[in-house]
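The values are calculated or read from the model by the stated rules, or taken from the named source; none is laboratory data. Computed from a prediction, not measured in an experiment: that's the story for all the values here. Using ideal geometry, Cβ is built from the backbone for each residue, glycine included, and neighbour counts are taken over all protein chains shown. Note: accessible area is taken over every heavy atom of the protein model, side chains too, but ligands, DNA and RNA are not part of it. Shrake-Rupley method; radii C 1.70, N 1.55, O 1.52, S 1.80 Å.
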There are 2 protein chains.
Amino acid sequence: MIILHTIAEVRQYVHTHRMQGKTIGLVPTMGYLHEGHLSLVRQAKEQTDIAIMSIFVNPLQFGPNEDFDSYPRDLERDSQLAASAGIDAIFAPSVDTMYPAGNGKSLTHVDVEVVTDTLCGAARPGHFRGVSTVVSKLFNIVLPDKAFFGLKDAQQVVVIQQMVRDLDIPVEIVPCAIVREPDGLAMSSRNVFLNDDQRSQALVLSRSLQMAAERVQQGERDAVALAAAVRATIEEQPLADIDYVQIVSMRDLSPLHTLDQPALLALAVRFGKTRLIDNIVLHVHR
Amino acid sequence: MIILHTIAEVRQYVHTHRMQGKTIGLVPTMGYLHEGHLSLVRQAKEQTDIAIMSIFVNPLQFGPNEDFDSYPRDLERDSQLAASAGIDAIFAPSVDTMYPAGNGKSLTHVDVEVVTDTLCGAARPGHFRGVSTVVSKLFNIVLPDKAFFGLKDAQQVVVIQQMVRDLDIPVEIVPCAIVREPDGLAMSSRNVFLNDDQRSQALVLSRSLQMAAERVQQGERDAVALAAAVRATIEEQPLADIDYVQIVSMRDLSPLHTLDQPALLALAVRFGKTRLIDNIVLHVHR
């Protein structure tokens, strides 16, 4: 396993392996790895010859009052974990390497419309512009055959897929299932910020999603009522501060009133200063 | 010479030549070729093994009241001219091939800031967003080693170079000198729209640029006075309707008051419905 810090090193590394006919898989992350990330690495190793993980806390996707500075970072620990999962190389650039103009800013942005207007896009203006811009850059640097993204950030997957289609980027996006703790909490680098009470009350997220999936199985088709039920369940936890609970079309993330197509039930809830997201795909068997 | 219409055909064509170790040059155009375009082809053939020209009148870079519908098109004539200059392949996609969502629209855009605020960017809102978006797509489709752009669209060259740097696009941009008619008029596909009087009065553009260059050689350093002199010269022609005459920094296109660095004197002038652009780089020897 090799750690690369500059864009030139990555290009050289990729070029060498390409010349040998190897396929390249990219796992873009912000580091502070957990089992969710490692499952992406394992899928990359299954589907491509060389798996490269980028570890970069991207200032462009954080709002001015968000947790860019406090976002957890530990490259030493991350490289051990990634190596244990079989990663071949880590690209860990500095902010100045990615944004040489300084201040973590770029004059050029990639903007995806419509699918960024809802869910986390509505709550975090500019967030997805930062995501699509940095992912464009990573794609241009690594030129991967496939890129692996976790479905916990379901909207991110939809946004990146839209960008790849619209800009004809020659990469296949592989969405990967959410990985959860044994008690159901979706894995997140931000989980470390939860104290015991918050951690325990945060279980309501996966529990309420599960409850919703069961109601759909039992025949519920009213998306508005279902979202309201999820919201009510979460509100029973005194430390939970709901950002959004929404049921949207899987296709374009437009709001759904009736469950007549594959739907995404997505939520974002704060526990103290920590904002957690989770979601479930609701399959309707007609 | 082969004409390709679909993205898959282009990818296959490029892949085949890449496998043979060939380098790829891209000449993006909107067709209706003239000597300026053909000089780009010749430089592409000198610097790369395989030269591909895209011919696509890109709706995204035309404003609602601009000349998208009337922009001249003649693929038959273009392919003969391009072949005579040595082009290997032409990529001539339909609007629906490039924008499959329909209506020539895209949910994803590439936006370059600051260097698009001035000159043609100020006069044509959204124009450079359309240019950078379609050029991104062409780069992703062709993956050229080098791309060749004419300096007549000097701002376009600056915008594309900024985008390539900011997004780490693995391509070298090769700016190529303006090609002029024997009487000095810069080659343009839009020149065919000029009637005899307009055509003759339009010579004031290159003449006034030449006059400005001579004044700088004679020691003129006042950019404001120089631009005013160019403007006054153009205004002597009754059919000339000035859009802008500006002297800006070559580096970031910011306005210059004093000629203390490499500068671009750029202008856009309408003759009837036809908007012509021209420019000259002012070299200051200190």
What is the diffusion coefficient of the protein assembly as shown in µm²/s, taking the Kirkwood radius over Cα pairs and the Stokes-Einstein relation at 25 °C with a viscosity of 0.890 mPa s?
93 µm²/s
Just the number, please: carbon plus sulfur as a percent of the accessible area of the protein assembly as shown, 1.4 Å probe, no ligands or DNA/RNA counted.
50 percent
Estimated inter-spin distance, B:Glu181 and B:Glu235, nm [label 7 Å along Cα→Cβ]
2.6 nm
Using only the C-alpha atoms of segment B:189-279, find the volume of their convex hull and express it per residue in Å³.
89 Å³
When the accessible area of each residue in segment B:94-113 is compared between its chain alone and the complete protein assembly (1.4 Å probe; ligands, DNA and RNA ignored), which residues differ by at least 40 Å², being lower in the assembly?
B:Leu107, B:Thr108, B:His109, B:Asp111, B:Glu113
Probe 1.4 Å, protein heavy atoms only: A and B together bury a total accessible area in Å², to the nearest 100, of 2200 Å²
Which residues of segment B:150-172 bury at least 50 Å² of accessible area once all protein chains are present, versus their chain alone (1.4 Å probe)?
B:Asp166, B:Leu167, B:Asp168, B:Pro170
For segment B:1-59 and segment B:181-240, distance of Cα centres in Å
33 Å
Can you list the residues of segment A:1-16 whose accessible area drops by at least 30 Å² going from the chain on its own to the full set of protein chains, with a 1.4 Å probe?
A:Arg11
Report the calculated FRET efficiency for A:Lys22 and B:Arg221 (r = Cβ-Cβ distance, R0 = 56 Å), to the nearest 0.05.
0.45
Taking 0.36 nm per residue of sequence separation and subtracting the Cα-Cα distance, how much length would be gained by fully extending the chain between B:Gln161 and B:Ser254, in nm to one decimal?
31.9 nm
For segment A:129-286, report the translational diffusion coefficient in µm²/s to the nearest whole number, using Stokes-Einstein at 10 °C, 1.306 mPa s, and a Kirkwood Rh over Cα pairs.
95 µm²/s
When the expected Rg is taken as 2.2 N^0.38 Å, what fraction or multiple of it is the alpha-carbon Rg of chain B?
1.01
When chain A is modelled as a GNM with alpha-carbon springs shorter than 10 Å, which of A:Met53, A:Met163, A:Met211 fluctuates the most?
A:Met211
Could you check which residue among A:Val134, A:Val27, A:Val224 shows the biggest mean-square fluctuation in a GNM of chain A with a 10 Å Cα cutoff?
A:Val224
Pull out the extension gain between B:Ala123 and B:Ile242, defined as 0.36 nm times the separation in residues minus the alpha carbon to alpha carbon distance; nm, one decimal.
41.7 nm
Anyone know which of A:Gln218, A:Gln246, A:Gln80 comes out most mobile in the 10 Å Cα GNM of chain A?
A:Gln218
Only four residue types carry charge here, +1 at the Cβ of Lys and Arg and -1 at the Cβ of Asp and Glu. Report the dipole size of segment A:168-286 about the Cα centre in Debye, rounded to the nearest 20.
40 debye
Per residue, how large is the accessible surface of the protein assembly as shown? Use a 1.4 angstrom probe and give square angstrom.
43 Å²
Which value in nm describes the separation of the simple spin-label points at A:Glu9 and A:Leu75, placed 7 Å from the Cα toward the beta carbon?
0.7 nm
Cα-based helix-to-principal-axis angle, A:35-47 vs chain A, degrees rounded to 10
60 degrees
